[in-house]
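Below: the structure, in structure tokens.
The values are calculated or read from the model by the stated rules, or taken from the named source; none is laboratory data. Keep in mind that what you see is a predicted model, and the values were worked out from it rather than measured. Backbone-built Cβ (ideal geometry, glycine too); neighbour counts: all protein chains shown. Remember, those area values only see protein heavy atoms, side chains included, never the ligands or the DNA or RNA. Shrake-Rupley method; radii C 1.70, N 1.55, O 1.52, S 1.80 Å.
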Amino acid sequence: MIELAGIIILGILAQWVAWKLKIPAILPLILIGLLVGPIAAEFLSEDGTKWIEPVWNGKKGLFPGESLFYFVSLAISIILFEGGLTLKRSEIKNVGPVITKLITLGSAITFFGAGIVAHLVFNLSWDLAFLFSGLIIVTGPTVITPILRNIPLKKDLSTVLKWEGILIDPIGALVAVLVFEFISVGGDSGFTKTALIEFGKIILFGTTFGFTFAHALAYAINKKFIPHYLLNVVSLSTVLLVFVESEVFAHESGLLAVVVMGMVLGNGKLENIKELLYFKESLSVLLISILFILLAANINFDDLLLLYNWKTAVLFAIVVFVIRPLAVFLSTYGSKLKLNEKLFISWVGPRGIVAAGIASLFGSKLIKQGVEGAEYITPLVFMIVLGTVLLNATTARLFAKVVGVFLTKSNGILIVGASKVSRLIGHYLESQGRHVVLIDSNQNNINKAKELGLEAINTNIYSETLTDNIELNDVGYLMALTGNSDINKYAINKFAKQFGENGAFRLVSNEEMRDENNNPHEGLFSHTDDYITLSDVTKKYPSIQEIEIIDKAHLEDLIKVTNNDKDIVPLFIKNNEGELNIISSYNTEIDNVQEGNRLVYLGKPLDVEDIETV
């Protein structure tokens, strides 16, 4: 009882420390696991026992036999399902081929490269060397996501790393399973045919079960067959069912099944998807906390001593500084990614829970089978996991600045509200090459925004999820365009610092519009136009116009026209380089106006006669 409670308490404490220090939680979790496990047994316990013993040894322990690894497998399935829910097809329209190559060609390069190095450096048999390399193919969303949250990057760059981390987990597990089976059957001549058959079964059953059960669950939720209070637990039990059933038909196909299931649900028209995400995210945090402590505590001190030599440093250096960059550069050859972006992707490749979990399982099994050298598998993989996490957690932000991918000025735009007005403005900004994200709690508005090809998030402005969304790392402008003045003010007060570093604006309220002396500093567009005015204009003239500016006097005349005509609302000033400057209701003085600049406005077309009548 004390051990179980202690794991949970220590795990959540480690999560808090990670949040406070802005590092991946895996780092303090593994360190705590090593402390209460092998370190405690060697230096702190009077009788030489671990403070937390994950496997029952006849006297104490939490899990008898292989129960620990059954628990690990089920927990990983839930974590990967939650990761699959966050993968949106709209994110990869620019980088889809890069992601595909990274998880195929990149995986192959890592597999063969790391296997050869492990064989040559540690003198492992070819079988064990390639088992090791298969296990370290995976990068892992549990460690990449916390790193990316603290670094402002271009959306495409963070998307590549996020998708790679989630999709490559089942691939790495699959490769490791095939090598493990090869070792178990003794590598006979019939293995190649058997491996191909097993590979086909894994792909077939994994995708089929994941796709079918995802649609079945979505149908049940949307048709209200599941009461609201049972939604989360039914979804959880369905994930476990899919994992177990897929495993029954094809061993190790469960991870692929749950990732496919999560992706299908995340990209479908599923009601209550937000609640499902919140629940799975909280559950994933708890499971990750438990798993890393258990797996690290399960290592013995003698295993750690195996790594206490120069060979470990050589293996780590080649895997991180040679093989990973080689895999990334060959996988991104011919892509639109720049050299500095390829360098950053090469640098950020931390391994996570899947590598650690499967390594512990296979390592212990091979030791029991008496396979020579099997004692190296678990500690070597943990060395790569801990080393890459420590390296990336401490240097990723600095490296991003050194290679020039760190966004010193975030030009993305977050629009609060996805009404017709917001969609019209967002679509125009998107056409001008700006990254635009709309948020709204109305699913109908979100669906209409997505139909226009806009990135839109169904969320409540009062929730905390926005602050952790890595897709908003490049956002530097905030525009609150809802019809509720209280929500607009709240958005500015809460998110101006994080998402509005270059400017945070909101529509003036109806009361402010009527009072000439009450013009807020963050007022947007004009002091004579509130949400009702913009909505009316949008209904009558649903288009955004541009008119060329001759000089500052000409612009002032144009602004006067827009103030006197309720069918015209000024929005932006576009300079000769195509950059847009938001027009503020508070600051009516517009400097640096040059010939060729353009006034961007909402409403009916302006002509020369309109200007001359002012």
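Using the structure shown, decide if Ala317 is open to solvent by 10 Å² or more (accessible area, probe 1.4 Å), of a type in the set (Gly, Ala, Ser) and at pLDDT 90 or above.
Yes: the conditions hold for Ala317.
Given the conditions (1) free of Cβ contacts under 8 Å to residues at least 12 places away in the same chain; (2) aliphatic (A, V, I, L, M); (3) touching a strand residue (DSSP E or B) at 6+ places or on another chain (Cβ under 8 Å), report the number of the one that Ile413 does not fulfil.
(1)
I'd like the full set of residues that are at pLDDT below 75 and small (Gly, Ala, Ser), limited to segment 35-53.
Once the filter is applied, which keeps residues that are at pLDDT below 75 and small (Gly, Ala, Ser), segment 35-53 yields only Gly48.
Which residues, taken from segment 280-309, are free of Cβ contacts under 8 Å to residues at least 12 places away in the same chain and either of a type in the set (A, V, I, L, M, F, W, C) or in contact with a Leu (Cβ under 6 Å, 6 or more places away or on another chain) (or both)?
Residue satisfying the conditions is Leu305 alone.
In segment 545-585, how many are of a type in the set (A, V, I, L, M) and in contact with a His (Cβ under 7 Å, 6 or more places away or on another chain)?
So the count comes out to 0.
Right, Gly603: among the small types (Gly, Ala, Ser), within 17 Å of Thr538 (Cα to Cα), open to solvent by less than 50 Å² (accessible area, probe 1.4 Å) and at pLDDT 70 or above or not?
Spelling it out, Gly603 is indeed among the small types (Gly, Ala, Ser), within 17 Å of Thr538 (Cα to Cα), open to solvent by less than 50 Å² (accessible area, probe 1.4 Å) and at pLDDT 70 or above.
Please name all residue pairs, on different chains or six or more residues apart, with Cβ atoms under 7 Å, provided the first residue is in segment 550-573 and is among the charged types (D, E, K, R) and the second residue is open to solvent by less than 60 Å² (accessible area, probe 1.4 Å).
Qualifying pairs under 7 Å: Asp551/Val593; Lys552/Val593; Asp557/Ile611; Lys566/Thr533; Asp567/Val537; Asp567/Gly603; Asp567/Lys604.
Hey, among Asn564, Asn518, which residue is over 37 Å from the mean Cα position of the chain (by Cα) and open to solvent by less than 70 Å² (accessible area, probe 1.4 Å)?
Exactly one of Asn564, Asn518 is over 37 Å from the mean Cα position of the chain (by Cα) and open to solvent by less than 70 Å² (accessible area, probe 1.4 Å), namely Asn518.
In this structure, does Thr139 turn out to be of a type outside the set (Gly, Ala, Ser), modelled with pLDDT under 80 and assigned to a helix (DSSP H, G or I)?
For Thr139, the condition - of a type outside the set (Gly, Ala, Ser), modelled with pLDDT under 80 and assigned to a helix (DSSP H, G or I) - is not met.
Could you tell me which residue of segment 41-68 is surrounded by the fewest Cβ atoms within 10 Å (Cβ to Cβ), considering only residues that are assigned to a loop (DSSP other than H, G, I, E, B), of a type in the set (A, V, I, L, M, F, W, C) and within 36 Å of the chain's Cα centre (by Cα)?
Of everything passing the filter in segment 41-68, Trp51 is surrounded by the fewest Cβ atoms within 10 Å (Cβ to Cβ).
Give me the residue from segment 2-40 that is β-branched (Val, Ile, Thr) and surrounded by fewer than 17 Cβ atoms within 10 Å (Cβ to Cβ) and, out of that set, farthest from Ile144 (Cα to Cα).
Ile2
Look at Ile32 and say whether it is more than 20 Å from Ile288 (Cβ to Cβ) and either at pLDDT 85 or above or in a helix (DSSP H, G or I) (or both).
Answer is no for this residue.
Only one residue in Ala250, Ala257 is at pLDDT below 85, on the phi < 0 side of the Ramachandran plot and open to solvent by less than 10 Å² (accessible area, probe 1.4 Å), so which one is that?
Testing whether each residue is at pLDDT below 85, on the phi < 0 side of the Ramachandran plot and open to solvent by less than 10 Å² (accessible area, probe 1.4 Å) leaves just Ala250.
If we keep just the residues of segment 136-174 that are of a type in the set (Val, Ile, Thr) and over 11 Å from the mean Cα position of the chain (by Cα), which is surrounded by the fewest Cβ atoms within 10 Å (Cβ to Cβ)?
Ile171
Checking the condition of a type in the set (Asp, Glu) and closer than 21 Å to Arg434 by Cα, which residue from Glu501, Glu511, Glu516 passes?
Only one candidate qualifies: Glu501.
Only one residue in Phe329, Phe292 is open to solvent by less than 10 Å² (accessible area, probe 1.4 Å), in a helix (DSSP H, G or I) and modelled with pLDDT of 80 or more, so which one is that?
Phe292
Out of Leu452, Leu472, Leu429, Leu424, report the one residue that is open to solvent by less than 20 Å² (accessible area, probe 1.4 Å) and touching a helix residue (DSSP H, G or I) at 6+ places or on another chain (Cβ under 8 Å).
Going through Leu452, Leu472, Leu429, Leu424 in turn, the sole match is Leu472.
Just give me the residues in segment 106-122 being among the aromatic types (Phe, Trp, Tyr) and without any contact (Cβ under 8 Å) to a residue 24 or more places away in the chain, in sequence order.
Hit for segment 106-122 is Phe112, nothing else.
When you look at Thr312, is it open to solvent by 10 Å² or more (accessible area, probe 1.4 Å), at pLDDT 85 or above, polar (S, T, N, Q) and touching a helix residue (DSSP H, G or I) at 6+ places or on another chain (Cβ under 9 Å), yes or no?
yes
Output the residue which, of all residues in segment 332-361 that are of a type in the set (Ser, Thr, Tyr) and not in a helix (DSSP H, G or I), is farthest from the chain's Cα centre (by Cα).
Tyr333
State whether one or more residues within segment 99-111 are surrounded by fewer than 23 Cβ atoms within 10 Å (Cβ to Cβ), at pLDDT 75 or above and in a loop (DSSP other than H, G, I, E, B).
There is no residue in segment 99-111 that is surrounded by fewer than 23 Cβ atoms within 10 Å (Cβ to Cβ), at pLDDT 75 or above and in a loop (DSSP other than H, G, I, E, B).
Which residue, of Gly523, Gly503, is closer than 19 Å to Pro152 by Cβ, open to solvent by less than 20 Å² (accessible area, probe 1.4 Å), in contact with a Phe, Trp or Tyr (Cβ under 7 Å, 6 or more places away or on another chain) and touching a residue at least 40 places away in the same chain (Cβ under 8 Å)?
When all the criteria are applied, what remains is Gly503.
Looking for whichever is farther than 24 Å from Val177 by Cβ, at pLDDT below 85 and open to solvent by less than 20 Å² (accessible area, probe 1.4 Å) here; the options are Leu217, Leu231. Which one fits?
Residue meeting the stated conditions: Leu231.
Can you run down the residue pairs with Cβ atoms below 6 Å, 6 or more apart or on separate chains, where the first is in segment 445-457 and within 17 Å of Leu481 (Cβ to Cβ) and the partner is open to solvent by 40 Å² or more (accessible area, probe 1.4 Å) and not in a strand (DSSP E or B)?
Going by the 6 Å Cβ cut-off, the qualifying pairs are Leu452/His427; Ala456/Lys450.
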